[in-house]
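**Q** Can you read through this structure? Questions will come right after.
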Amino acid sequence: MTLATTSARTLNIGPIALDVPVVLAPMAGITNTAFRRLCREYGAGLYVSEMITSRALVERNETTMRLIRHHESETPRSIQLYGVDPHTISEAVRIIVAEDHADHIDLNFGCPVPKVTRKGGGAALPWKSSLFSQIVTQAVKAAGDVPLTIKMRKGIDPDHLTFLDAGRAAEDAGVSAIALHARTASEFYSGFADWNAIGELKQAVTSVPVLGNGDIWSADDAVRMMQQTDCDGVVVGRGCLGRPWLFGELAAAFGAESHPVDATLGFVADAFRRHAELLVEFFEDEDRGCRDVRKHVAWYFKGYPVGGDIRTGLATASSLAEIDDLLGQLDHTAPYPGADAEGQRGRSGRPKRPALPDKWLESRELAASASEMMRGAEIENSGG
């Protein structure tokens, strides 16, 4: 693995001082306490929770209240919220602050999933500029001294871009940082992220940090993004799937102390086993934890000489003992396979026409009749 380095870089998000300008992107079903702890063991930065639905938090849904809990080793603690109603989001923020659930709150305006955007939520919401400003302004006020940030996309499609207007509005509202996934909702996760848009946002927003997201598959990519766009930090999502040690490589690239990584098959097997162990602890259920780690098998062992029988076994194992037996059959001395293990992982798909509410694009203002409909967007989904 080649590794570009740059001069030491830090990042301040409000009062939070990070040793490296790196943030783990929220990913539904992925960035639970177990995965956050694992990434933190390898590197440094800010590690954000799975996306939490504001309404579910206000209603104190049992699963949601479990998801906002952090392990005692996690600091600073970070939670991402999703919602479409200014009052509900503000109430959720107040609960987090009053009950000391987090040191940082992020608002999601990047989800491109059709069942969210067709209700006007996620990446569709910034198109309604007044509603967007109301949500962010009221959330910042409710957060008080706790730094609040936003994560968004470029817009709905190439003809309906919102990132510059939304970035300026968020800056005016008093957010502590703005992250841009440099794709539109219509692009979903396809093609290549438009890093030039990150540079445009950085030029437009001058008083708070601008963070770049999209196509960071390696530490080299992170260094290149910051050099190309002059952004203040990077947000890493799919690139760390099956590679939690990427955060160690990022720490080293940005001048922080980090242990060199020699990603032999034995190293990867140990990381996978640790992930399973932490999931068992998180769920307090061995069977459930081992079932949850199954989705990570292909990501961890991409490019490595792991036979189909062992891959299948790991993808069906229901106990740590089974996992140990299967991992013990691997050649732990097998070296890092290079290009075969690198590059894109996770979702991609093809560009698609965004699903939007009827007549959504006719005006930047929200029609009164659309308010009730949008409440249907407050469901749990991926963070965009």
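The values are calculated or read from the model by the stated rules, or taken from the named source; none is laboratory data. Predicted model only: the values in this text are computed from it and were never measured. Because the Cβ atoms are built from the backbone with ideal geometry, glycine has one as well, and the counts that use them run over all protein chains shown. These accessible areas exclude ligands, DNA and RNA; they are computed on the full protein's heavy atoms, side chains included. Shrake-Rupley method; radii C 1.70, N 1.55, O 1.52, S 1.80 Å.
**Q** Defining a contact as two alpha carbons under 8 Å apart and six or more residues distant in sequence, what relative contact order in percent does region 165-324 show?
**A** Computed value for region 165-324: 15 percent relative contact order.
**Q** By average Cβ neighbour count within 10 Å, what is the ranking of 37-45, 19-27 from highest down? Numbers along the way, then the final one.
**A** Details: 37-45: 21.4, 19-27: 25.2.
For the peptides 37-45, 19-27, the packing ranking is 19-27, 37-45.
**Q** Positive end of the charge dipole of the chain (Lys, Arg +1 and Asp, Glu -1 on Cβ, about the Cα centre): tell me which of ALA222, LEU201, LEU46 has its Cα farthest that way.
**A** Farthest towards the positive end: LEU201.
**Q** Moving on to the next point. Students often check this: by mean Cβ neighbours within 10 Å, which of 307-316, 179-188 ranks highest, and how do the rest follow?
**A** Highest mean packing first, the order is 179-188, 307-316.
**Q** Counting pairs of alpha carbon atoms under 8 Å apart in space and at least six apart in sequence, what relative contact order in percent does the chain give?
**A** The normalised contact order for the chain reaches 22 percent.
**Q** Grab the other residues whose beta carbon is less than 12 angstrom from that of PHE192, score K and R as +1, D and E as -1, and report the net.
**A** -3
**Q** GNM, the chain, Cα, under 10 Å: largest mean-square fluctuation among VAL58, VAL136, VAL84?
**A** VAL58
**Q** If you restrict to DSSP beta bridges whose two residues both lie in the chain, what percentage is antiparallel, to the nearest 5?
**A** Counting DSSP beta bridges with both partners in the chain, the antiparallel share is about 15 percent.
**Q** Sticking with this structure for a sec: At R0 = 25 Å, how high is the FRET efficiency between ARG288 and ARG311 if r is their beta carbon distance? Nearest 0.05 is fine.
**A** Efficiency at R0 = 25 Å is approximately 0.75.
**Q** I've got another one for you. Any idea how far apart THR10 and SER348 come out in nm if each label point goes 7 Å out from Cα toward Cβ?
**A** Here the answer is 4.0 nm between the modelled labels.
**Q** Under a 1.4 Å probe, what is the accessible area of the chain per residue, stated in Å²?
**A** 40 Å²
**Q** Would you work out which of SER319, ALA368, PHE267 lies farthest towards the positive end of the dipole of region 240-384? Charges go on Cβ: Lys and Arg +1, Asp and Glu -1.
**A** The one lying farthest along the dipole's positive direction is ALA368.
**Q** Gain in length, HIS87 to SER369, computed as 0.36 nm per residue apart minus the alpha-carbon separation, to one decimal in nm?
**A** Full extension from HIS87 to SER369 adds 99.8 nm.
**Q** Binning at 5 Å from 0, report for region 138-217 what percent of all alpha-carbon pair distances ends up in each bin.
**A** Spelled out per bin, shortest first, that is 3, 16, 27, 23, 15, 10, 4, 1.
**Q** Quick one: angle between helix 33-42 and the longest Cα principal axis of the chain, in degrees between 0 and 90, rounded to 10, please.
**A** Orientation of helix 33-42: about 60 degrees from the principal axis.
**Q** May I pose another question? Say each of ASP340 and ASP145 gets a label point 7 Å from the Cα, pointing the same way as Cα to Cβ; how far apart are those two points in nm?
**A** Between ASP340 and ASP145, the simple spin-label model gives 5.5 nm.
**Q** Output the peptides 292-304, 119-131 sorted from most to least packed, where packing is the average of other Cβ atoms within 10 Å over each peptide's residues. Could you put the intermediate results ahead of the total?
**A** Working: 292-304: 18.3, 119-131: 24.3.
With the highest mean Cβ count within 10 Å placed first, the list reads 119-131, 292-304.
**Q** Rounded to the nearest 500, what is the chain's calculated 222 nm mean residue ellipticity when only DSSP H runs of at least 4 contribute -39500 (n - 2.57) each, over all residues?
**A** -10500 deg cm²/dmol
**Q** Does anyone have the angle between helix 195-204 and the longest principal axis of the chain? Alpha-carbon axes, 0 to 90°, nearest 10?
**A** Tilt relative to the chain: about 40 degrees.
**Q** When Rg is the radius of gyration of the Cα atoms in region 54-125 and Rh is its Kirkwood radius, what does Rg/Rh come to?
**A** On the way: Rg = 12.8 Å, Rh = 12.9 Å.
Result for region 54-125 is an Rg/Rh of 0.99.
**Q** Once you place label points 7 Å from the Cα toward the Cβ at GLN228 and ASP324, how far apart are they in nm?
**A** Result: 4.6 nm between the two label points.
**Q** Further, regarding this structure: Just to confirm the number: angle between the C-alpha axis of helix 163-173 and the first principal axis of the chain, 0 to 90 degrees, nearest 10?
**A** Compared with the principal axis, the helix lies near 70 degrees.
**Q** Given just the C-alpha atoms of the chain, how large is their convex hull per residue in cubic angstrom?
**A** With only Cα atoms used, the chain gives 127 Å³ per residue.
**Q** Here is a follow-up. Past the 22 Å Cα-Cα mark, which pairs from LYS154/LYS295; LYS141/LYS202; LYS154/LYS202; LYS119/LYS141; LYS128/LYS151; LYS154/LYS302?
**A** Pairs exceeding 22 Å: LYS154/LYS295; LYS141/LYS202; LYS119/LYS141; LYS154/LYS302.
**Q** For region 261-335, give the percent of accessible area contributed by carbon and sulfur heavy atoms, probe 1.4 Å, rounded to a whole number.
**A** 48 percent
**Q** Here's another thing I want to ask about it. Where nothing but the Cβ of Lys and Arg (+1) and of Asp and Glu (-1) is charged, how large is the charge dipole of region 235-372 around its Cα centre, in debye to the nearest 20? Numbers along the way, then the final one.
**A** Details: 17 positive and 22 negative charges, 182 e Å.
Using Cβ point charges on Lys, Arg, Asp and Glu, region 235-372 gives about 880 debye.
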